[in-house]
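Chemist: Quick one: the structure is below, questions incoming.
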Amino acid sequence: MPDPAVASDLPNTFAPYDDRTQPTARIEHYAETWVRTPDRPLVRRPMTLTEITGPTRLAAKLKPGNNDLAHPYPDRPRAAGQLIHVTGRVTDEDGRPVAASVIELWHCNANGRYIHPMDAKSPNPIDENFIGSGRVATDADGRYMFRTIKPAAYPYPNHPTRWWRPPHIHMSLFGDGFMSRLVTQMFFPGEPFNDIDLILQSVPDPKGRERMISRQLPMSEAIDPNVVVYAHDIVLRGRRQTPFGM
Ligand SMILES: [Fe+2]
């Protein structure tokens, strides 16, 4: 194990992102993107253990049922909407499974309403039986599955041209360390608003946009005939070289 104080001894194990595969940092009329992106050029600095490690044993803290947003309260009906399963595999850029990675996810209900103070002025009704967020951990092969309802499209508030967000699920992943942290959105195939969504369309590379859109699996592959299954694989940053000592 290298001395964490000697940062230059640690290999620079992460390749930089290709900006063409990432959303544009600042999207016009989308205020959040302006306050969450840096004003000045980034400063390159060597990585230390702080960057290449991260929270450990997060998966052990999850409770059974954390991955069920559709029926979170056993004594109440399930959430309204189309039942879906979202499943997939999390790997690093070298194709290795990322095991025990916690995926946090959140999305609006089948009416297009979030359980969040920022959505308090929405005219869309809340669903008392929908929990709005969940967590799931990947297994040893990097696979995950959660059960929920398909979110609706919703109008982005205060946009001059009435921008509608297509149905989407927000996801946040912890990989092996902070450098592999990923916050992203999963889209659904065949949605007409996908083609005009300012966030999805801000990714310049068409293959990058494709990677954000899930696949609907044939109904024959659904374990439960009442559920539509979407597959969504996720690639986290990986290591170009295996760190020494491992
Ligand atoms: Fe959203």
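Chemist: Can you find a residue in segment 96-115 that is within 16 Å of the ligand (Cβ to nearest atom), more than 27 Å from Pro74 (Cβ to Cβ) and within 19 Å of the chain's Cα centre (by Cα)?
Modeler: no
Chemist: A further question on this structure: Can you tell me which residue within segment 158-209, out of those that are more than 12 Å from the ligand (Cβ to nearest atom), of a type in the set (D, E, K, R) and modelled with pLDDT under 95, is nearest to Arg44 (Cα to Cα)?
Modeler: Arg181
Chemist: Of all residues being more than 25 Å from Gly175 (Cα to Cα) and part of a loop (DSSP other than H, G, I, E, B) in segment 78-95, which is farthest from the ligand (Cβ to nearest atom)? Just the residue, please.
Modeler: That would be Arg78.
Chemist: Does any residue of segment 120-135 turn out to be within 14 Å of the ligand (Cβ to nearest atom) and free of Cβ contacts under 8 Å to residues at least 24 places away in the same chain?
Modeler: no
Chemist: Right, here's the next one. Could you grab me the full set of residues in segment 8-35 that are assigned to a helix (DSSP H, G or I), at pLDDT below 80 and aliphatic (A, V, I, L, M)?
Modeler: Ala31
Chemist: Right, here's the next one. Looking at the structure I just gave you, is Ala140 among the small types (Gly, Ala, Ser), within 30 Å of Leu49 (Cβ to Cβ) and either more than 13 Å from the ligand (Cβ to nearest atom) or assigned to a strand (DSSP E or B) (or both)?
Modeler: Here the answer is yes, as Ala140 does meet what is asked.
Chemist: Hey, any hits in segment 54-77 for a residue that's assigned to a loop (DSSP other than H, G, I, E, B), surrounded by fewer than 20 Cβ atoms within 10 Å (Cβ to Cβ), modelled with pLDDT of 95 or more and charged (D, E, K, R)?
Modeler: Yes, that holds for at least one residue.
The values are calculated or read from the model by the stated rules, or taken from the named source; none is laboratory data. Treat the numbers as computed from the prediction; the structure is a model and nothing was measured. Here Cβ is always computed from backbone atoms with ideal geometry, including for glycine, and neighbour counts include all displayed protein chains.
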